[in-house]
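**Student:** I have a structure I would like to understand better, so I am pasting it below and will then ask my questions one at a time.
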Amino acid sequence: MAKKPKKTVTGRVLHDPVKDKLRPIFPLDLSKIKTIDDLVRAMGNTAYTARQVGDAADVLEAMARDKDCFVVMTLSGALTVGKMGLVFCDLIESGIVKAIVSTGALMAHGLVEATGLSHFRYDPAKMNDNELFLAGYNRVYDSLEPETNLDHVEEVVDAIFEKWDPKEVVCSWKLHRKIGEYLTKHTTGRGILRSAFEHNVPVFVPAFSDSELGLDFALNKYGRQRDHRPLLHFDPFEDFEKFANTMMATKKMGIFTVGGGVPRNWSQQFGVYAELMARRGYKNLPLKRYSYGVRICPEPVHWGGLSGSTYTEAVSWGKFVPREEGGQLAEVLEDATVALPLVVGAVLERLKYFKT
């Protein structure tokens, strides 16, 4: 029989980590790294944020391979200005992501990309912010969005509004689908909305009026009023009902959150909505909670905002399946422009998505 560990003079019992089945960690050996996946797997066997990246890739892979799982991706921050747009296209085109909930600005900047226009580096030695304003250059941290780009976006969106039947209510997922259809017909470049249209992935923007596209809708409404033409009517609950009905039909749900804010909360509110439907007697529904969650966001938890709140906190709201009941959750406290390509690139390699 194996000897039981004895107490030390201080009363401690020193365990054997192998017998306790603890997982060892290892030095990252760059000489053995050949691919993104090699790097991310090695990072997962280290510590700190590197380990978070490795764990996130494992959970994203698990939800991607789960045939019963419907994956929602939520996006916030100026990530298309940050040149992450093609990563999102890959997530759609690979079949991992089945629905998107986003800020409107991210979709507007992505539309700029998809129509062949560019963003540019900001050089503070050339212009200060007031000079940028006078020159028509909108600054997003270290990058520039020329105002002429946004004028081009309005031309595209206005052309779609002009063909819109006033009897049909406008909502964000319908509008983004029509934009994706326009891009498929009139452009050759890749873009989120084009990929979403071609793969039947709905794109929701719950805070629609807080965006360039929302401003374009407001201007279109003003022009119609001025010209005494029939107005288009926007109803955000058309989005909510489409999302709710879609999620009601799922067997299992996963969420891949980049950033936080309204897109994350709006997507997670579905579980609360379903629970209230049952508890308040509207409809007999089972609990609908996310079984998988991957979050990339540097926001710290102690500010108290939703963007920084942990998935375990969301368990208390009935939004996620807890780990002890099989929930798989991973959180990376890092800038998305660093962590996102690593996590997604590793998983796409594992799924053999890239053609060699």
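**Student:** Please give the helix 48-65 orientation as an angle from the longest Cα principal axis of the chain, in degrees from 0 to 90, rounded to the nearest 10.
**Tutor:** Between helix and principal axis, roughly 70 degrees.
**Student:** Please calculate how many Å² of accessible area the chain carries per residue, with a 1.4 Å probe and no DNA, RNA or ligand atoms counted.
**Tutor:** 54
**Student:** Here's something else I'd like to know. Based on the Cβ-Cβ distance of GLU198 and LYS21, what FRET efficiency does E = 1/(1 + (r/R0)^6) give at R0 = 51 Å, to the nearest 0.05?
**Tutor:** Approximately 0.65, to the nearest 0.05.
**Student:** While we're here: With a cap of 13 neighbouring Cβ atoms within 10 Å, and only residues DSSP puts in a loop, list the GluC sites (Glu not before Pro) found in region 151-205.
**Tutor:** Working: sites: GLU154, GLU155, GLU162, GLU168, GLU181, GLU198; in loops: GLU168.
Listed in order of number, the matching sites are GLU168.
**Student:** Could you please report the charge total around ALA105, scoring K, R as +1 and D, E as -1 over all other residues with beta-carbon less than 11 angstrom from its beta-carbon? Working shown, then result.
**Tutor:** On the way: positive: none; negative: GLU145, ASP210, GLU212.
Once positives and negatives cancel, what remains is -3.
**Student:** Here is a follow-up. Which of GLY180, PHE133, VAL153 sits closest to the plus end of the dipole of region 115-227, meaning its Cα is farthest towards the positive end, when Lys and Arg get +1 and Asp and Glu get -1 on the C-beta?
**Tutor:** Positive-most Cα among the choices belongs to GLY180.
**Student:** Which residue fluctuates most in the GNM of the chain (Cα springs below 10 Å): ASP239, ASP151, ASP20?
**Tutor:** Ranking ASP239, ASP151, ASP20 by mean-square fluctuation puts ASP20 first.
**Student:** Oh, and also: On C-alpha positions alone, give me the angle between the axis of helix 147-162 and the longest principal axis of the chain, in degrees, nearest 10.
**Tutor:** 70
**Student:** If you don't mind, another one. Which distance in nm do the two modelled labels at ASP158 and PHE133 give, with both placed 7 Å along the Cα-to-Cβ direction?
**Tutor:** A separation of 2.4 nm, rounded to one decimal place.
**Student:** Extending each Cα 7 Å along its Cβ direction at ILE33 and GLN225, get the distance between those two points in nm, one decimal.
**Tutor:** 5.6
**Student:** Which residue, LEU144, LEU22, LEU219, tops the fluctuation ranking in a GNM of the chain built on C-alpha contacts under 10 Å?
**Tutor:** Comparing LEU144, LEU22, LEU219 in the GNM, the peak value goes to LEU22.
**Student:** Over the chain, with every protein chain in place, what whole percent of the accessible area is carbon and sulfur at 1.4 Å, could you tell me? Numbers along the way, then the final one.
**Tutor:** Working: 10600 of 19380 Å².
Summing carbon and sulfur atoms, their accessible area is 55 percent of the total for the chain.
**Student:** Hey, rough spin-label estimate for GLU313 and LYS185, points 7 angstrom out along Cα→Cβ, what's it come to in nanometres?
**Tutor:** My value for the distance between the label points is 4.5 nm.
**Student:** Right, next: Express the relative contact order of region 221-288 as a whole percentage, based on alpha carbon pairs under 8 Å and six or more residues apart in sequence.
**Tutor:** 18
**Student:** In degrees from 0 to 90, rounded to the nearest 10, what is the angle of the helix 212-226 Cα long axis to the longest principal axis of the chain?
**Tutor:** On a 0 to 90 degree scale, this one is about 20.
**Student:** Hey, any idea what the orientation-averaged projected area of the convex hull of the chain's Cα atoms comes to, in nm²? All intermediate terms of the calculation are to be shown ahead of the outcome.
**Tutor:** Values: hull surface 107.6 nm².
Hull-based average projected area comes out at 26.9 nm².
**Student:** Another question about this same structure. Filter the trypsin sites (Lys or Arg not before Pro) in region 244-277 to those in DSSP coil with at most 12 other Cβ atoms within 10 Å of their Cβ, and list the result.
**Tutor:** Working: sites: LYS251, LYS252, ARG264; in loops: LYS251.
Of the trypsin sites (Lys or Arg not before Pro), the ones in loops of region 244-277 whose Cβ has at most 12 other Cβ atoms within 10 Å are LYS251.
**Student:** Longer than 25 Å from Cα to Cα, which of LYS252/LYS355; LYS251/LYS319; LYS283/LYS319; LYS83/LYS251; LYS98/LYS167 are they? Say none if no pair is.
**Tutor:** Where the Cα-Cα span goes over 25 Å, the pairs concerned are LYS252/LYS355; LYS83/LYS251; LYS98/LYS167.
**Student:** What residue among GLY54, GLY11, GLY254 shows peak mean-square fluctuation when the chain is described by a Gaussian network model with Cα springs under 10 Å?
**Tutor:** In the Gaussian network model the winner is GLY11.
**Student:** So how many Å³ per residue does the convex hull of the Cα atoms of region 73-120 work out to?
**Tutor:** 67
**Student:** For the chain, calculate the relative contact order in percent as a whole number, restricting contacts to Cα pairs under 8 Å that are 6 or more residues apart.
**Tutor:** On the way: 564 pairs, mean separation 78.7, N = 356.
Reported as a whole number, the value is 22 percent.
**Student:** Please compute the length gained on full extension between ARG280 and ARG12, using 0.36 nm multiplied by the number of residues separating them and subtracting their Cα-Cα distance.
**Tutor:** Net length gain for the segment: 91.2 nm.
**Student:** If you don't mind, there's one more thing I want to ask. Using a ≥ b ≥ c from the Cα gyration tensor of region 203-262 (square roots of the eigenvalues), is it rounded, prolate or oblate, where a/c under 1.5 gives rounded and otherwise the larger of a/b and b/c decides, a/b for prolate?
**Tutor:** Cα axes put region 203-262 in the oblate bin.
**Student:** Using only the Cα atoms of region 133-201, what are the Rg and Dmax in Å?
**Tutor:** 14.4, 43
**Student:** Rounded to the nearest 500 deg cm²/dmol, what is the calculated helix-only ellipticity per residue at 222 nm for the chain, with -39500 (n - 2.57) per DSSP H run of length n ≥ 4?
**Tutor:** Working: 13 runs with 159 residues, N = 356.
Calculated at 222 nm, the ellipticity per residue is -14000 deg cm²/dmol.
**Student:** Evaluated at 20 °C with a viscosity of 1.002 mPa s, what Stokes-Einstein diffusion coefficient in µm²/s does region 220-296 have when Rh comes from the Kirkwood expression over alpha-carbon pairs?
**Tutor:** Rounded to a whole number, D works out at 144 µm²/s.
**Student:** As an exercise, identify the chymotrypsin sites (Phe, Trp or Tyr not before Pro) in region 291-356 lying in DSSP coil whose Cβ has no more than 12 other Cβ atoms within 10 Å.
**Tutor:** Answer by residue number: PHE354.
**Student:** Stokes-Einstein diffusion coefficient for region 264-344 at 4 °C in a medium of 1.567 mPa s, Rh from the Kirkwood formula over Cα pairs: what value in µm²/s? Mind dumping the intermediate values first?
**Tutor:** Numbers: Rh = 13.8 Å.
The estimated diffusion coefficient comes to 94 µm²/s.
**Student:** Amide H to amide H under 5 Å from SER143: which residues, 5+ apart in sequence or cross-chain, H placed 1.01 Å off N in plane?
**Tutor:** Placed amide hydrogens put TYR122 under 5 Å from SER143.
**Student:** Right, here's the next one. Which three extents, in angstrom, do the Cα atoms of region 178-336 have along their principal axes, listed largest first?
**Tutor:** 59, 42, 33
**Student:** Something else about it: Compute the convex hull volume of the Cα atoms of region 301-356, divide it by the residue count, and report the result per residue in Å³ as a whole number.
**Tutor:** 111
The values are calculated or read from the model by the stated rules, or taken from the named source; none is laboratory data. For clarity, every value in this text was computed on a predicted model and none was experimentally measured. In this analysis, Cβ positions are derived from the backbone assuming ideal geometry, glycine residues included, and neighbour counts consider all displayed protein chains. What goes into the accessible areas is simple: the full protein's heavy atoms, side chains included, and nothing from ligands, DNA or RNA. Shrake-Rupley method; radii C 1.70, N 1.55, O 1.52, S 1.80 Å.
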